[in-house]
1. Sorting 212, 344 by accessible area (1.4 Å probe), largest first, what list results?
2. Taking the alpha-carbon centroid of each part, what is the distance from the stretch 159-207 to the stretch 1-56 in angstrom?
3. Determine the percent antiparallel among the DSSP beta bridges restricted to the chain, to the nearest 5.
4. Using the Karplus curve 6.51 cos²θ - 1.76 cosθ + 1.60 with θ = phi - 60°, what ³J(HN,Hα) values do you get for each residue of the stretch 281-297, in whole Hz, with x for Gly and Pro?
5. Relative to the longest principal axis of the C-alpha atoms of the chain, give the angle of the C-alpha long axis of helix 82-93, reported between 0 and 90° and rounded to the nearest 10°.
6. Would you kindly state how much longer the chain becomes between residue 43 and residue 68 on full extension, computed as 0.36 nm times their sequence separation minus their alpha carbon distance, in nm to one decimal?
7. Angle between the Cα long axis of helix 136-146 and the longest principal axis of the chain, 0 to 90 degrees, nearest 10?
8. With N residues in the chain, what two-decimal value do you get for its Cα radius of gyration over 2.2 N^0.38 Å?
Amino acid sequence: MAFELNSLVRTNILALKPYSSARDEFSGQEGVFLDANENSFGSVLVERPLHRYPDPLQHKLKQKIAEQEDCEPAQIFLGNGSDEAIDLLMRIFCEPNQDCIMTLPPTYGMYEVSAAINAVSVKEVPLLPEVFQIDLPELQAKLSEHCPKLLFICSPNNPTANLIAAETVEQILNDFEGIVVLDEAYIDFCKEASFLPKLRQYPNLVILRTFSKAWGLAGIRLGMAFASPEIISLFNKVKPPYNVNLLTQQEAYKALRNLEFKETLQNKVIESRTELEKELGTLDCVLKIYPSDANFILIKVEDANDLYDYLVEHRVVVRNRSKVIENTLRITVGTPAENEMLISALLAYEVGN
Ligand SMILES: *Cc1c(COP(=O)(O)O)cnc(C)c1O
């Protein structure tokens, strides 16, 4: 494989001289800071020292993440959710009205939306029906035909909940000359290992992770991208200078020091998933339960629209995925009490039908 990063990057981005913020130019700890037009007298929230701009490159937080993930801080980008990383990838690599990306539907909707916002076209190679694995010969043919700048692989995949076979991903990483974006938002809920240890081996690999799922911190909006230091430099060039606010940096740092509790949460979700799968399996209105490597379960039913409406009426909100996979509902694993409410509603639905 002949991977050449600079030939993939948009020329205006290669030439870009990034904005240099006050905190980029002087990042020492001590001194009289009259360089950033902050409020020298403090903040309206008197007790909290929030009047200074945050570290634009989140050094302290990245150091901690690097220790836990056994990588270098220079291999990490942090953004306002993974969604920011997805958008930046489009802007770094894809020339509007010219370049394309490739997705493997049914998958996460943001890839397509982000592409549309950036005037980038989307070529699709559907996953194989029911098993939701990659059709490798078809993908290889389409990659050669369209030469997308980015290929998005979501594993475990949303909304199908399954892991994509690692050998297939590896084969693609070896063959494809563009960027492979591997979205591992749900990797903590499955037994299979992350591709992170292989980062050095594949200069075309970008791994997306998030604090929104296993860490239980969807509210702080923090996403991660792991890639070569060269790709991360491009992210840093294009991102808004202060894209991760101070509160988020502080909360995430606290969370990282509590890795044990993340694992506790992770296990709770997995246990609850097993229990929910079991209970769903006893219901006649559930025609199929797709195997899950994530914190949600995809089920097939007779009439998903009807069941969805019924559940909403009974104040149980799930995701109707029928537009992408016929008659399916995506159900986030809840607490035992929440799952019980769902199951009761499903039982009542069966009685009424
Ligand atoms: C939830 C999810 C994310 C996380 O997005 P954030 O912006 O970090 O909250 C990323 N990818 C997929 C496939 C998801 O389902």
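The values are calculated or read from the model by the stated rules, or taken from the named source; none is laboratory data. Only a predicted model underlies this, so the values are computations on that prediction, with no experimental measurement involved. Note: ideal-geometry Cβ built from the backbone for every residue, glycine included; neighbour counts use all protein chains shown. To get the accessible areas, we keep the full protein, side chains included, count just its heavy atoms, and leave off ligands, DNA and RNA. Shrake-Rupley method; radii C 1.70, N 1.55, O 1.52, S 1.80 Å.
1. On the way: 212 25, 344 65 Å².
Of 212, 344, the descending order of accessible area is 344, 212.
2. Here the two parts' Cα centres lie 31 Å apart.
3. Among the beta bridges of the chain, antiparallel pairing accounts for roughly 55 percent.
4. So the Karplus estimates, Gly and Pro as x, are x, 8, 9, 6, 6, 9, 7, 7, 10, 6, x, 10, 10, 10, 9, 8, 10 Hz.
5. 60
6. Between residue 43 and residue 68, full extension yields 5.6 nm more.
7. That helix lies at roughly 50 degrees to the long axis.
8. Numbers: Rg = 22.2 Å, N = 353, 2.2 N^0.38 = 20.4 Å.
Computed over Cα atoms of the chain, the ratio equals 1.08.
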